[in-house]
Amino acid sequence: MEAISLEYVSGLISKDEYLNLKLAELDLSGQCKDIDGCEAFIKEKLKESFWALDKLERTDEFWRKTNNLPTLYKLSEYADYQIKKKINLENSAWLSIVCKLANFSQHLEIEPWKILKENNKLNVNFLIFTAWNSSKYWGDESVSAFSKLIKELDLSNLIAEGLNELSKNSIESKQWVNNVRAEIKLV
């Protein structure tokens, strides 16, 4: 356990101090490249969700086998828990996605994006550019996961313009876009 978290669980720093320190050290520049407001959005979603988790009654089943302290680490589990319970689905879907981005995990799982699409809250450019940005960490898997998501949610007609925009950024982004187009058979 790293120093900030150890101080927090030991009661040496407050929830506010813990959260502010953890958010300050969170570098999202790679995941949020070329996405206006992305870093602020992710950090605000994490902050809001941290305090929502803190308000959750400690008798709730979520807290079983925990130390009853809200942490950034628990937010991903909290998002999954809420999705499973069908609680605050839109917020839970975004939380699931931003937690994965913040932890360099694969954020292209179908369920959260499906929830956003069904609630008319899908941000196509955010999806496209975070998928591209994560390709530096996930390589070819980002093309496969993104393509599977696009096909599963029938988003081909919504992504064409964003893919065209992305393909103009660099030779690498153009190649990634071409690989996606080939996989989803988008001409």
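Data overview
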item: Rounded to 10°, Cα long-axis angle of helix 156-167 versus longest principal axis of the chain; result: 90
item: Whole-Hz couplings from phi, Karplus 6.51/-1.76/1.60, listed for the stretch 98-103; x for Gly and Pro; result: 5, 4, 5, 4, 5, 9
item: Size-normalised alpha-carbon gyration radius of the stretch 123-187, reference 2.2 N^0.38 Å; result: 0.96
item: Cα pair count fraction exceeding 19 Å, expressed as % - the stretch 12-112; result: 42
item: Ellipticity estimate at 222 nm from DSSP helix runs (n ≥ 4, -39,500 (n - 2.57)) divided over the chain, nearest 500; result: -21500 deg cm²/dmol
item: Nitroxide proxy distance, nm - points 7 Å out along Cα→Cβ at TYR73 and TRP51; result: 2.4
item: Dipole magnitude of the stretch 91-187, debye to nearest 20 (Cβ charges: Lys/Arg +1, Asp/Glu -1, about Cα centre); result: 100
item: ³J(HN,Hα), Karplus 6.51/-1.76/1.60, whole Hz, each residue of the stretch 62-76, x for Gly, Pro; result: 4, 7, 4, 6, 10, 8, 6, 9, x, 9, 5, 4, 6, 5, 5
item: Candidate values (1) 46, 38, 30; (2) 175, 35, 21; (3) 56, 32, 24, label of the one derived for Cα extents along the principal axes in Å; result: (3)
item: Debye intensity ratio I(q)/I(0), log10, the stretch 1-58, q values 0.16, 0.23 Å⁻¹ (C-alpha model); result: -0.59, -0.97
item: Free-standing Cys residues across the chain, given no other cysteine C-beta under 4.7 angstrom; result: CYS99
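Where a number appears in this text, it was derived from the coordinates with a stated rule and is not lab data. Computed from a predicted model, the values in this text were never measured in an experiment. Glycine gets a Cβ as well: all are built from the backbone with ideal geometry, and neighbour counts include every protein chain shown.
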